[in-house]
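Read the structure below first, then the notes.
The values are calculated or read from the model by the stated rules, or taken from the named source; none is laboratory data. In this text, all values refer to a predicted model and were calculated from it rather than measured experimentally. Because the Cβ atoms are built from the backbone with ideal geometry, glycine has one as well, and the counts that use them run over all protein chains shown.
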Amino acid sequence: MTPPDPAPPRLPPRWFIRTFWAGHRALVRASRGRLGLWQPKQTGRGWGAMRVTTTGRRSGRPRTVVIGYLRDGETLVSMAMNGWADPDPAWWLNLQADPLCEVDTGQGARPMRARAADGAERERLWERWRQVDQGLDAFAEQRSRPTAVVVFDPRPGPQA
C-alpha cells in the first residue's frame, strides 16, 4: 500500500500576509530604509529584503514595494509570487510595462532593469531559491500559472 501524499504546506491566511507586508513597508518608510531592508546571508542559504520603485503602468506614478531577493553576481533575483496567491503581483505587471526601476537593498538606491529569466537561467535561479526555501515547489504548485523568476540587472545611471 502506498502512503498518502503529504499535504501541501499551508500558507497563513491571505489577510495575514497582506497585513504583514503592509507593516513591513510602513517600517521601511518610517525608518527611511534604516530598518526592514537587509542583505542575503553570505552562506547563500538566506534571502534579503529590498525596496523596488517601479512606474505604475496605468497611473505613471512611482510605486514602491518591499520584496525578497537573492544576489547572483551583480544581478538581484526575486520571484513574482504575490504571497503565493494566483494573480501576478502589481509590481511585476508594472515592470513588464516598463522594466526600468530603482532598487534599494539598504545600501542606497541603484537604477536597474528588470526582466524574466527563462530557460536554463530560470532553472538555475529556481534551484538557488529552492536551496533557501525547501517548500518552494509545493508553494508554487498552488498557483495556476508559473511563477516568474525576475532578474534585476544593473544599468548605468547616477548612484544615490
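Of the residues making up the stretch 69-103, those that are among the acidic types (D, E) and at pLDDT 95 or above are D98, E102. With respect to A97, is the statement that it is out of contact with any Pro (no Cβ under 9 Å at 6 or more places or on another chain) and over 27 Å from T19 (Cβ atoms) true? Answer is yes for this residue.
Quick grid of which residues meet (1) surrounded by fewer than 17 Cβ atoms within 10 Å (Cβ to Cβ); (2) small (G, A, S); (3) without any contact (Cβ under 8 Å) to a residue 24 or more places away in the chain; (4) in a loop (DSSP other than H, G, I, E, B):
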site: D86; (1), (2), (3), (4): yes, no, no, yes
site: N94; (1), (2), (3), (4): no, no, no, no
site: G106; (1), (2), (3), (4): yes, yes, no, yes
site: R113; (1), (2), (3), (4): yes, no, no, no
site: A120; (1), (2), (3), (4): yes, yes, yes, no
site: R124; (1), (2), (3), (4): yes, no, yes, no
site: S144; (1), (2), (3), (4): yes, yes, no, yes
site: V149; (1), (2), (3), (4): no, no, no, no
site: F152; (1), (2), (3), (4): no, no, no, no
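Take the stretch 34-44 and flag every residue that is within 16 Å of A109 (Cβ to Cβ), surrounded by 18 or more Cβ atoms within 10 Å (Cβ to Cβ) and not aliphatic (A, V, I, L, M). Across the stretch 34-44, the qualifying residue is only G36. Across the stretch 45-61, the qualifying residues are those that are exposed (fewer than 12 other Cβ atoms within 10 Å of the Cβ) and either in contact with a strand residue (DSSP E or B) (Cβ under 8 Å, 6 or more places away or on another chain) or of a type in the set (K, R) (or both), and the one among them that is modelled with the lowest pLDDT is R45. Selection of the stretch 115-142 for residues being over 19 Å from P40 (Cα atoms), at pLDDT 90 or above and touching an Asp or Glu at 6+ places or on another chain (Cβ under 8 Å) yields only R115. Checked against (1) exposed (fewer than 12 other Cβ atoms within 10 Å of the Cβ); (2) of a type in the set (D, E); (3) farther than 29 Å from Q134 by Cα, E102 meets all criteria but (1). Within the stretch 24-82, the residues that satisfy the criterion of being among the small types (G, A, S), under 15 Å from L125 (Cα atoms) and touching a helix residue (DSSP H, G or I) at 6+ places or on another chain (Cβ under 8 Å) are G44, G46, A80.
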